[in-house]
Every structure is written in C-alpha cells, then in structure tokens.
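The values are calculated or read from the model by the stated rules, or taken from the named source; none is laboratory data. Since the model is a prediction, treat every value here as computed from it, not as a measurement. We place every Cβ from the backbone using ideal geometry, glycine too, and count neighbours over all the protein chains shown. Just the protein is used for accessible areas: all its heavy atoms, side chains included, with ligands, DNA and RNA removed. Shrake-Rupley method; radii C 1.70, N 1.55, O 1.52, S 1.80 Å.
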Amino acid sequence: MGDNSTEKSSSRAEQRETELLHAAIELFAEEGFGNVSTRKIAAQAGVSEGTLFHYFGSKNELMGAILGRFYGELTDNATRILREELASRARLQLLAENHIGVLARDNSLFMRLIQTYRNADLSEFTKIQGSVLHKLNRSYAWVFDAAVKEAMTRGEVRDDVNIPALRDLFFGGLEYCSRTMFLHESFDQMRERVASVVEPLWQSMLPQQPRVSEGDRLERVCDRLEAVADRTFLRPSWLSPPVSEYSPYG
C-alpha cells in the first residue's frame with residue numbers, strides 16, 4: 001500500500017514539474033526570458049509561486065532544467081545510435097535524423113527555444129567555460145566526435161579531418177535545414193533533406209584518391225585496349241564480353 005502511494009506521489013511530482021517546464025517554455029518564447037516572472041509561470045501552470053520554488057529555486061534553474069531535458073534526450077538517443085549502428089555513414093544519417101526529430105517534436109520546441117535564446121539574457125548559460133549550456137553541448141557533441149574518430153581509426157575517412165570544423169558544418173547545416181522544414185511544413189521530407197546535408201559532408205571526409213598523371217592514364221588506356229584485342233583474337237567473338245566493359249571510363 002505504501003509503495004503505491006509513493007509511486008503515485010512521484011508520478012504527480014514528475015507531472016507537475018513537466019507542466020512548469022512547458023509553461024516556462026511557452027512564456028519565454030512569447031515574451032522573452034527577462035519579461036517573464038516566476039509568478040506568471042506558476043499561474044500559467046495552474047500552481048502557486050511557492051509550488052514553483054519547491055521544484056525550481058529560480059528562473060535560471062528553470063531554464064537549466066529545460067536545456068537539460070532537451071539535450072538529455074538528444075544525447076541519450078545519439079549514444080544509443082553509436083552503440084547499435086556500426087556503419088559510419090549510416091551513423092551520421094541516424095544522428096542527423098535524431099537531431100532534427102527531437103528539435104521538430106512538440107510543436108517545434110526547437111524554434112521556441114531559439115526565440116528564447118534571442119530574447120533572453122543568458123549570460124549565465126553561455127559563458128564559454130563551465131556554464132550549463134557549455135557542459136550540455138560538450139556531452140552531446142562528444143557523440144559526433146566519437147563517431148568520426150572511430151571512422152578515422154577504421155581508415156574509412158581521412159586521418160587529417162578537422163573534427164571541430166566538421167562538427168560546425170554538421171550541426172549548423174541541420175539547424176538551417178530544420179528551420180527550412182519548419183517554415184515550409186515539410187518534415188515529411190526529413191530523411192531526404194537530412195541526407196542532402198550529410199552526404200556532401202561525408203564525401204568531404206573520404207580519403208582522396210591518388211592523382212594519376214596524364215602519362216599513367218594513357219598507359220592504362222593502352223593496356224586495356226591491348227587486353228581487348230588479345231581477347232578478340234584468342235577467343236571466339238561470341239565468348240568475348242562487350243568492349244564497353246573494358247572502357248577506361250567504365
């Protein structure tokens with residue numbers, strides 16, 4: 001009996017906390033972080049200001065909790081992808097789809113958070129070192145870095161790739177991609193749009209093929225033509241494969 005009572009109490013507490021977070025997100029997005037009081041957030045959630053302070057010590061703590069939940073889901077999903085998918089190119093695609101999928105859910109929570117960032121004085125969260133946002137970003141970005149580093153050790157990508165630059169291109173491209181899909185309500189095309197961001201990035205990471213001089217290229221063409229001629233002389237025509245199979249451009 002006691003266990004059931006404890007479970008119900010815990011469930012109610014989690015629901016109340018979620019309601020407060022959703023109320024804060026809506027108000028921050030609509031009015032700006034600095035213009036919203038804790039009393040207004042509490043009223044939006046249908047509780048007293050004292051109840052809000054029971055769960056969150058301050059408005060900044062509320063913002064930290066919003067960011068923590070948001071990045072927590074992103075990071076947990078990304079870590080699972082890294083554990084379950086071994087192919088490097090497929091990993092990048094799935095990591096990108098996870099990123100867009102989480103951003104797009106809940107009436108495009110991402111867009112509301114972006115509005116919050118623009119309107120809020122988030123100096124406590126955006127200082128370079130030691131801030132809440134910095135720690136969350138590092139934990140999440142680590143998964144992308146780990147995927148690239150593992151691809152490097154396998155020899156699938158160049159060992160001189162600039163991981164920070166790739167990371168900026170990856171997440172920057174996805175952010176812009178998500179905004180475009182939001183504005184045009186085209187999230188049903190997410191997989192194709194994500195692939196159009198991931199594929200050029202992946203191609204840029206691949207080991208470069210050794211350059212072939214003009215002389216070597218001509219020599220290879222001659223070798224192939226000689227092989228074709230030999231096959232034509234030594235075998236009946238009906239046993240010879242089409243010449244096009246030996247084309248230097250094939």
- With r as the distance between the Cβ atoms of Gln189 and Ser11 and R0 = 35 Å, compute the FRET efficiency 1/(1 + (r/R0)^6) and round to 0.05. 0.40
- Message: Students sometimes get this wrong: rank Phe182, Phe170 by accessible area, probe 1.4 Å, all chains present, largest first.
- Response: Phe182, Phe170
